[in-house]
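Heads up: the structure comes next, in structure tokens.
The values are calculated or read from the model by the stated rules, or taken from the named source; none is laboratory data. Quantities reported herein were computed from a predicted structural model and do not represent experimental measurements. As a convention, Cβ positions derive from the backbone with ideal geometry for all residues, glycine included, and neighbour counts pool all protein chains shown.
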Amino acid sequence: MTTASSSPQVFTGRIDRIEVSATMAVAAEAAKLRAQGANLVDFGAGEPHFPTPHHIKDAAIAAIEANFTRYTVVPGIPDVRKAIVERHATDFGSDYSIDEAIFTTGGKLALFNAIQVLVDHGDEVILPVPYWVSFKDIIQYAGGKVVLLETSEAENFRITADAIEKAITPRTKAIILNSPSNPAGSVMSAEDLERIVHLAHERGIFLLLDECYVYLNYAGKPVSGGSFTWAKEHIVVLGSLSKTYAMTGWRAGFALASKSVTANLSKLQSQSTSNATSFVQKAAVAALAGSQECVSEFRAEFIGLRDYMLAKLGEIPGVTCTKPEGAFYVYPNIGAFLGKGGIKTATELATRLLHEAHVVTVPGEAFGTAEHIRISYPVTRQNIDEGTRRMGEFLARLE
Ligand code: GLU
């Protein structure tokens with residue numbers, strides 16, 4: 001008997017070129033175990049553990065009560081586009097106009113749409129390793145060719161302009177930068193970023209700047225590529241309210257780009273999601289235009305949690321870890337345990353850690369490296385104590 005779902009002709013080449021997002025797969029597996037009664041320590045999908053601040057929730061509730069529940073224009077109501085532009089101008093000195101901003105159903109959709117709009121079959125896209133899980137698949141979905149750029153763990157996986165320059169070829173269409181980065185928390189120097197902007201602009205290459213963690217830069221003052229206004233034509237800033245304002249489930253993101261790129265993002269969005277949720281747009285205005293106190297409070301808490309997590313991991317023999325300078329992940333090297341206890345890969349290690357010690361992590365293969373696991377640390381200190389204790393005991397048992 002043949003089943004339609006197993007026939008290779010049924011599904012498109014593009015859907016076969018991608019896999020389920022590893023972070024989402026880990027979250028689903030964790031939910032399944034939790035439903036069976038497992039007491040998990042969840043270091044899996046990365047999201048702030050704080051509730052969304054009250055003034056943001058109140059704005060959404062007020063919008064619903066006022067029946068602000070109908071379609072809006074596709075790229076977002078003028079107020080939200082204005083709030084995006086003004087927040088960015090205040091914080092980074094950029095000069096985008098309202099026509100150069102689009103509000104999207106999460107930062108991931110802004111990225112997805114930007115790649116569909118800019119990357120064609122055979123176009124090369126430079127992607128530094130380790131990379132956030134979805135970059136590679138989204139490029140492949142568009143038919144682009146991923147050009148991986150290895151970085152050095154000894155240098156905190158930091159990307160340099162020299163390395164980018166060497167990876168550029170006549171077929172390079174775009175470069176993806178994510179600083180601070182997910183999963184390693186590496187931060188580019190402002191000088192390197194500026195040199196890369198020059199390189200890209202001079203050669204007509206698009207820079208896709210995933211700035212989801214721009215406010216979680218612990219190395220110094222946050223820097224956005226969007227502040228290089230002279231290169232606007234080739235820069236797409238991809239932003240998210242998820243991490244900055246603890247709004248992961250709301251799906252609130254945006255892009256800032258030239259008028260022509262923004263118009264094309266809006267054209268694509270008009271054929272898929274249309275507008276992002278109406279009352280989420282009102283909440284986003286409250287987030288972006290309201291008090292920014294929560295942003296610095298979250299940032300201070302994350303720095304404390306990073307240091308606490310690093311100290312606890314440091315107590316586990318055999319585990320080494322770079323010190324992240326931003327975002328909210330640590331990316332420990334577990335290479336010393338591969339080959340022990342029948343475990344050959346980071347994926348096997350993360351799977352056994354989940355099933356035997358009930359600790360959720362994401363294996364390094366999802367981010368392009370073979371000897372790491374990613375730990376998301378926005379959790380309580382008690383959870384860090386318990387999770388690292390379980391990890392230590394599990395790893396000590398491997399022979
Ligand atoms: N930043 C989150 C993570 O990497 C996003 C999850 C996702 O959308 O893949 O865990």
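Which of (1) within 13 Å of the chain's Cα centre (by Cα); (2) without any contact (Cβ under 8 Å) to a residue 40 or more places away in the chain does Trp230 not meet, given it meets every other one?
Unmet for Trp230, out of (1) within 13 Å of the chain's Cα centre (by Cα); (2) without any contact (Cβ under 8 Å) to a residue 40 or more places away in the chain: (1).
Go through region 232-282 and give me each residue that's in a loop (DSSP other than H, G, I, E, B) and either among the β-branched types (Val, Ile, Thr) or modelled with pLDDT under 95 (or both).
Thr244, Thr273, Thr277
Give region 43-90 a look and list any residue that's of a type in the set (Val, Ile, Thr) and either modelled with pLDDT under 95 or part of a loop (DSSP other than H, G, I, E, B) (or both), or say none.
If the condition is that a residue be of a type in the set (Val, Ile, Thr) and either modelled with pLDDT under 95 or part of a loop (DSSP other than H, G, I, E, B) (or both), then Thr52, Thr69, Thr72, Val73, Val74, Ile77 are the ones that fit.
Conditions: (1) more than 16 Å from the ligand (Cβ to nearest atom); (2) in contact with a helix residue (DSSP H, G or I) (Cβ under 8 Å, 6 or more places away or on another chain). Ala30 meets all but one. Number of the miss?
Evaluating Ala30 over (1) more than 16 Å from the ligand (Cβ to nearest atom); (2) in contact with a helix residue (DSSP H, G or I) (Cβ under 8 Å, 6 or more places away or on another chain) leaves (1) as the failure.
Looking at region 298-345, which of its residues are assigned to a helix (DSSP H, G or I) and more than 16 Å from Tyr377 (Cα to Cα)?
Within region 298-345, Gly335, Ala336, Phe337 qualify.
How many residues are polar (S, T, N, Q), within 16 Å of the ligand (Cβ to nearest atom) and not in a helix (DSSP H, G or I) if we restrict to region 133-184?
Summing the residues that are polar (S, T, N, Q), within 16 Å of the ligand (Cβ to nearest atom) and not in a helix (DSSP H, G or I) in region 133-184 gives 4.
Answer yes if at least one residue in region 19-41 is of a type in the set (A, V, I, L, M), assigned to a loop (DSSP other than H, G, I, E, B), touching a Ser or Thr at 6+ places or on another chain (Cβ under 9 Å) and modelled with pLDDT under 95, and no otherwise. Give the derivation first.
Our first condition is that a residue be of a type in the set (A, V, I, L, M); within region 19-41, this holds for 20, 22, 24-28, 30-31, 33, 35, 38, 40-41.
From what's left, assigned to a loop (DSSP other than H, G, I, E, B): 20, 38, 40.
Still in the list and also touching a Ser or Thr at 6+ places or on another chain (Cβ under 9 Å): none.
The answer is no; no qualifying residue exists.
Find all pairs meeting these conditions: Cβ atoms under 6 angstrom apart; at least six residues apart or on different chains; first residue within region 16-37 and within 13 Å of Ser134 (Cβ to Cβ) and of a type outside the set (Val, Ile, Thr); second residue within 12 Å of the ligand (Cβ to nearest atom) and part of a helix (DSSP H, G or I).
What qualifies is Ser21/Val133; Ser21/Ser134; Ala22/Val133; Ala22/Ala366.
Please identify the pairs in which a residue from region 291-314 that is over 25 Å from His55 (Cα atoms) and modelled with pLDDT under 95 has its Cβ atom under 6 Å from the Cβ atom of a residue that is acidic (Asp, Glu) and buried (at least 17 other Cβ atoms within 10 Å of the Cβ), counting only partners at least 6 apart or on another chain.
As it stands, the answer is none, since no pair meets every condition given.
Checking the conditions here, which among Arg158, Arg203 is basic (Lys, Arg), crowded, with 19+ Cβ neighbours inside 10 Å and free of Cβ contacts under 8 Å to residues at least 40 places away in the same chain?
Arg158
Name the residue, out of Ala257, Ala289, Ala327, that is at positive phi and not β-branched (Val, Ile, Thr). So that I can check it myself, show each step before the final result.
Details: Ala257 fails: at positive phi; Ala289 fails: at positive phi.
Ala327 is the lone residue from the list that is at positive phi and not β-branched (Val, Ile, Thr).
Given the options Glu348, Glu399, Glu365, name the one that is more than 30 Å from Glu150 (Cβ to Cβ) and either without any contact (Cβ under 8 Å) to a residue 12 or more places away in the chain or not hydrophobic (A, V, I, L, M, F, W, C) (or both).
Step by step, each of Glu348, Glu399, Glu365 is checked, and only Glu399 is more than 30 Å from Glu150 (Cβ to Cβ) and either without any contact (Cβ under 8 Å) to a residue 12 or more places away in the chain or not hydrophobic (A, V, I, L, M, F, W, C) (or both).
Restricting the search to region 74-131, which residues are out of contact with any Lys or Arg (no Cβ under 9 Å at 6 or more places or on another chain), farther than 25 Å from Thr248 by Cβ and crowded, with 21+ Cβ neighbours inside 10 Å?
If the condition is that a residue be out of contact with any Lys or Arg (no Cβ under 9 Å at 6 or more places or on another chain), farther than 25 Å from Thr248 by Cβ and crowded, with 21+ Cβ neighbours inside 10 Å, then Ile126 is the only one that fits.
Filtering region 324-352 down to residues that are away from the ligand (no atom under 16 Å from the Cβ) and in contact with a Lys or Arg (Cβ under 8 Å, 6 or more places away or on another chain), which residue is farthest from Ser186 (Cα to Cα)?
Gly341
Please enumerate the residues belonging to region 53-73 that are among the aromatic types (Phe, Trp, Tyr) and surrounded by 13 or more Cβ atoms within 10 Å (Cβ to Cβ).
If the condition is that a residue be among the aromatic types (Phe, Trp, Tyr) and surrounded by 13 or more Cβ atoms within 10 Å (Cβ to Cβ), then Phe68 is the only one that fits.
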